[in-house]
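The values are calculated or read from the model by the stated rules, or taken from the named source; none is laboratory data. As the structure is a prediction and not an experimental result, all values here were calculated from the model. Here the Cβ is made from the backbone with ideal geometry for all residues, glycine too, and neighbour counts use every protein chain on show. Keep in mind that these areas ignore ligands, DNA and RNA; they rest on the heavy atoms of the full protein, side chains included. Shrake-Rupley method; radii C 1.70, N 1.55, O 1.52, S 1.80 Å.
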Amino acid sequence: RQVPEDIHTYTHMINGVPTGGAPPAKSAASCCGPDELSLDISRCEVLNASNPAALAAVLGGGGELRSDCDEQLLITIAFPSAVKLHSIVLEGPGSAPDEIRLFLNRTAMGFDDAEAEEPLQALPLDEARRSGAPLLLQYVKFQNVSTLTLFAPSNQEESEVTTLHRLRFFGSVHDTTNMKEFKRVG
């Protein structure tokens with residue numbers, strides 16, 4: 001392993017995930033941490049948003065997604081292939097969610113389902129955790145993720161509108177074997 005020239009790079013990381021700002025350049029010392037995952041934006045969707053088209057901007061680097069009729073948001077995130085999910089980074093103002101409930105591999109989920117069913121993990125959010133600090137997941141529960149549904153039941157200001165500015169997902173692509181490329185030996 002090489003020692004990085006700028007040791008301060010590592011003071012802004014938790015478990016290999018940037019805690020804010022631009023991600024540091026890859027080096028030999030940081031090669032093994034989780035990567036920011038690619039999303040299948042065309043399959044991502046949001047329910048109860050006043051501006052559903054803003055989801056692509058929020059997932060792509062920054063925008064403003066707002067709830068419509070009440071404070072609840074239901075967001076389905078699709079990955080191009082199965083992933084091992086390590087952490088989520090969420091950014092938002094005072095009207096950001098006060099909790100995110102996570103559901104795994106559910107493609108048709110409504111608000112009634114999200115309220116009635118037990119989430120795989122619930123993440124309480126405070127000001128620090130909605131300002132770009134990584135939300136670490138129970139990694140063993142998120143080993144084969146194709147879609148992830150995030151349910152925000154309320155927000156921190158207890159107002160009628162919940163707002164998100166940015167969502168990022170970190171982990172690794174689930175290794176698979178392409179049987180078409182498999183060659184018999186012997």
Check: Quick one: which of Ala128, Ala78, Ala122 is touching a helix residue (DSSP H, G or I) at 6+ places or on another chain (Cβ under 9 Å) and either closer than 22 Å to Glu64 by Cβ or at pLDDT 90 or above (or both)?
Finding: Ala78
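Determine which member of the set Ala96, Ala114 is at pLDDT 95 or above and surrounded by 15 or more Cβ atoms within 10 Å (Cβ to Cβ). Even if it seems obvious, please write down each step before you answer.
On the way: Ala96 fails: at pLDDT 95 or above.
Just one listed residue meets the conditions, Ala114.
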Checklist line | Hits in segment 98-119 (condition: in contact (Cβ under 8 Å) with a residue 40 or more places away in the chain, of a type in the set (Asp, Glu) and in a loop (DSSP other than H, G, I, E, B)) | finding: Asp98
Notebook entry, point to check: Being in a loop (DSSP other than H, G, I, E, B), open to solvent by less than 10 Å² (accessible area, probe 1.4 Å) and of a type outside the set (Phe, Trp, Tyr), is that true of even one residue in segment 62-72?
Noted result: no
Next item on the list: Would you mind telling me which numbered condition in (1) more than 30 Å from Thr107 (Cβ to Cβ); (2) at pLDDT 50 or above; (3) of a type in the set (D, E, K, R) Glu36 fails?
Entry: (1)
Item checked: Residue that is modelled with the highest pLDDT, among those in segment 137-184 that are open to solvent by 100 Å² or more (accessible area, probe 1.4 Å) and among the hydrophobic types (A, V, I, L, M, F, W, C) -> Val140
Next item on the list: Filter segment 55-97 down to residues that are more than 12 Å from Thr163 (Cβ to Cβ) and either touching a residue at least 24 places away in the same chain (Cβ under 8 Å) or among the charged types (D, E, K, R) (or both), then give me how many there are.
Entry: 21
Notebook entry, point to check: Quick check: anything in segment 102-110 among the β-branched types (Val, Ile, Thr), open to solvent by 10 Å² or more (accessible area, probe 1.4 Å) and farther than 18 Å from Glu36 by Cα?
Noted result: yes
Next item on the list: Among the numbered conditions (1) over 17 Å from the mean Cα position of the chain (by Cα); (2) modelled with pLDDT of 95 or more; (3) surrounded by 15 or more Cβ atoms within 10 Å (Cβ to Cβ), tell me where Ser50 comes up short.
Entry: (3)
Check: When the residues of segment 117-128 are filtered to those that are farther than 13 Å from Ala152 by Cβ and not polar (S, T, N, Q), which remaining residue is surrounded by the most Cβ atoms within 10 Å (Cβ to Cβ)?
Finding: Leu120
Note to self: If I go through segment 126-160 residue by residue, how many of them are under 17 Å from Leu85 (Cβ atoms) and in contact with a strand residue (DSSP E or B) (Cβ under 8 Å, 6 or more places away or on another chain)?
What the structure shows: 19
